[in-house]
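Notes follow once the structure below has been shown.
What follows is calculated from the coordinates using simple rules that are stated; it is not laboratory data. A quick note: this is a predicted structure, and the numbers were derived from the prediction, not measured. As a convention, Cβ positions derive from the backbone with ideal geometry for all residues, glycine included, and neighbour counts pool all protein chains shown.
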Amino acid sequence: MLELSTPVKFVKRVGERIAAGLATRGIDTVEDLLYHLPFRYEDRLNPQSMAELVPGTMASVIGEVRGTVLLRTRSGPIFEMTLGQGLGTVKCMWFHGAYLKDRFKLGQMVAVYGKLEPSRSAMAAAAIAGQGASAGRFKMIQPQFEIIPDGADPEDSLEIGRIVPVYESLGGTTPWGAKLTSKWMRRVVWSIFEELDPATKPGAPGLDSETWVPETLPLPMLSRLALPSRLDALRAVHFPEAGTPMPELISATTPAHKRLIFEELFYLELGLELKRRRMRERVGTAFATGPAVREAIKQVLPFHPTAAQKRVLAEIVADMRRPQPMRRLLQGDVGSGKTIVAMQAAIIAMENGAQAALMAPTEILATQHYLSARKLLGDVISPSTGKPYKVVLLTGSLDPATKRQTQGRIMRGEAQLVIGTHALQEDKADFANLGLVIVDEQHRFGVQQRFKLMKKPTADGVASDPDVLAMTATPIPRTLALTLYGDLEVSVIDEMPPGRTPIVTRRTTEEHAAEVWEFVRKQVAQGRQAYLVYPVIEGSKDDQPELDFARDEEPASQSASQPVSKSAAKNGGSRGLQAPDKPAGIRGFSPGSSSPKRSKTSNLFAAKTKLRSATEMFDELRTGALAGLRLGLLHGRLSADEKEVTMARFHRGEIDVLVSTTVIEVGVDVANASVMVIDHAERFGLAQMHQLRGRVGRGASKSFCILMTGDNVTEQADVRLNAMVATQNGFELAELDLQQRGPGEFFGTRQTGLPEFRVANLLRDRALLELAKVEAERFAAKPDPALPPTEIASVWARLKQQWQRRYGLVEA
Ligand code: ADP
Ligand code: MG
């Protein structure tokens, strides 16, 4: 008898070998298999007849095989299969499709799913015949297909005459996987349900009763929210009843889908709520903020704070005054002025005799913070000590002697504000009395890193946790933020400092490079400075993650060019429908072009994968198009000293044009810079471009962002570039970014410490997330009096079990 916990190998059609393969996909039990939901459905109750087909749409068509042919072309073999239905035909094409040669037999019934395009021969024929329409002839590139068996197998009913679930393949290219098609899944899941049928097992449904599919949510909650039982929901998502509206199925909004998604999010939120509650019980430091402290804070302000800065400071102050440790995330768009707020918080800690640490993701940024903190605090006398504040810098590249010396000062409590990179987390960097940790550009750190620093014990053995203020310029909706950074409260700076003029953003192509360089020259002539950013350091390949220290972090600069993310494919269903690369057409570099520069640049494009790199363009431009200007080169492979010297020279205006990679993505603040040129902008992600653009527009004069594209702009890249031109609002861009990449990639699992969801999608299911959060808070605070105590106990027990199994990463 099957139960949810039964290992998959005991399921009909699975067995040891397939089970071993499934295990690599995280599928060990019957339950795991049942939670591998269809990612799409086909309405084969009413398959579309060819007469109703509309070119340009996704369609599911059933027809008979009328012919097959394997074409040898220069770009590889193409397999063509013509599917017919009455007078209509759909020509299906698979690139590199030699493996399909013997799959289809004439007359066989086949279902295909893909994007319909008018067939060119059909258009020609229609034109000759003087017909307007394409005469019922279409083609599909790389459709998904399924051969419909013609035997009398009763399970055939799973394929035709119903709404058919379509599963993401669990196999793909693995040797054992050839079998694990959608069809295989349907049969396996069907037989599981046959065996699980509760009719064979008496017993009232409910959390504490025994059924094959135990309920996981309290019944009163289910009925209040009008959600179906777990078993009913599982059955309905795999085999929807006739009449279930297709749009609801496709958008995962049937009651069955909602129930499963809600369940997953409810337990997630319940776990997070528990974590927040525990956090509130922790011992922290209650900082005093008397008049002297307030005076000290005011002293350092070089300008009037914005209303938003005042508001978030008040929120931070309120947290710091409490005896519980602060856990706050400060969100604010690039350039909104988070740093000064952080400095004010640091002063509060220092005035209370505690140390503050500011951690930045790159050495460049840490150094910049150090220099500006010294400037800001330089002439300020601390009211409590009567002396200036002692600020130190601790980064990985300090020479060992200096490092030891600095660590000593930190340990003895002589250093009051410690600014650094992840080097701060090295075990040797013990603090005498760490009261506040500020994490700048928090999204560039992993969650684990954040926790490591927070947990550092103080030297005198007092077990109080320091306050933590994390800052990020990646704006995300509040509920998402609260979920992703589950233990953090959120403050938002939603206002820019006054006097900023909007940044003019333009798209252009590499053919217009000469005009871009001309523009840069003009700006420099007016005393301004420019950044030129390239996707790679040197060489042609796209394999150079440009992060300063993040040795084991996700290469942020690479994720941008990933064509279709898992979740994007899930949502859009476009997987496998991409045509192979377009031939390497070199647009724009016409022979006899007037500019001598262009012909040289065009050499770089001889190979289509060739990318312009920071190093090569630095050499090319300083003797070529930008000759006479003072150019600097900055990238992650330079030593820390070289980087520091170059940055300092750029700050002082001794460099006009800084040729760089994404090392300058975060934080860098040079107000005189007015031009940001991003080359190969098509390769950058939205968050990155937005951050890069934020490097300019920091002064009062007009600034420009020029997005120059190479030859290979994908559809998604096109959307990104247009969005950059259309808006400067970080929230809007983040939304689009989230949509394009999906939460998993957007945040990075490591970053959030969140598990992969089985059914939920944080982006798509936002409304359910809100509901789950409310329900979880309510449940944790005061469970519904209608709930029997046994049900309450089962929920907590289940949370524990889930927390361990799936959220093991996240500390409770
Ligand atoms: P981010 O939030 O991106 O870290 P910064 O803290 O680097 O932004 O601030 C961007 C720039 O704006 C800095 O040059 C800072 O000095 C300036 N700035 C911050 N707050 C104000 C303000 N209230 N008025 C004027 N300029 C400000
Ligand atoms: Mg900043």
- [ ] Could you sort 69-79, 376-386, 402-412 so that the peptide with the highest average Cβ count within 10 Å comes first and the rest follow in order?
- [x] 402-412, 376-386, 69-79
Open item on the list: What's the ranking of 762-773, 719-730 by average number of surrounding C-beta atoms within 10 Å, highest first?
Closed with: 762-773, 719-730
- [ ] Determine the sum of side-chain charges near GLY730: Lys and Arg each +1, Asp and Glu each -1, restricted to other residues whose C-beta is under 13 angstrom from that of GLY730.
- [x] -4
TODO: Order the peptides 9-18, 344-353 from the highest to the lowest mean number of other Cβ atoms within 10 Å of their residues.
DONE: 344-353, 9-18
TODO: Could you tally the net charge around GLU248, taking each other residue with its Cβ under 14 Å from the Cβ of GLU248, Lys/Arg +1 and Asp/Glu -1?
DONE: +1
Open item on the list: Relative contact order of the range 322-441, please, whole-number percent, based on alpha carbon pairs below 8 angstrom and at least 6 residues apart.
Closed with: 35
- [ ] Calculate the dipole size of the range 211-264 relative to its Cα centre from +1 charges on Lys and Arg beta carbons and -1 charges on Asp and Glu beta carbons; express the result in debye to the nearest 20.
- [x] 80
TODO: Note down the net charge around ALA700, summing +1 for each Lys or Arg and -1 for each Asp or Glu among other residues with Cβ under 14 Å from its Cβ.
DONE: +4
Task: Residues with amide H under 5 Å from that of ASP711, placed H, sequence gap 5 or more - done: none
Task: Under Karplus coefficients 6.51, -1.76 and 1.60, residue-wise ³J(HN,Hα) of the range 393-408 in Hz, glycine/proline x - done: 10, 10, 10, x, 9, 4, 5, x, 5, 4, 4, 4, 4, 4, 4, x
Task: Long-range HN-HN contacts of ILE655 with modeled amide H, under 5 Å - done: PHE650
TODO: For TYR531, enumerate residues with amide H under 5 Å from its amide H, sequence gap 5+ or separate chain, H modeled in the peptide plane.
DONE: LEU658, VAL675, MET676, VAL677
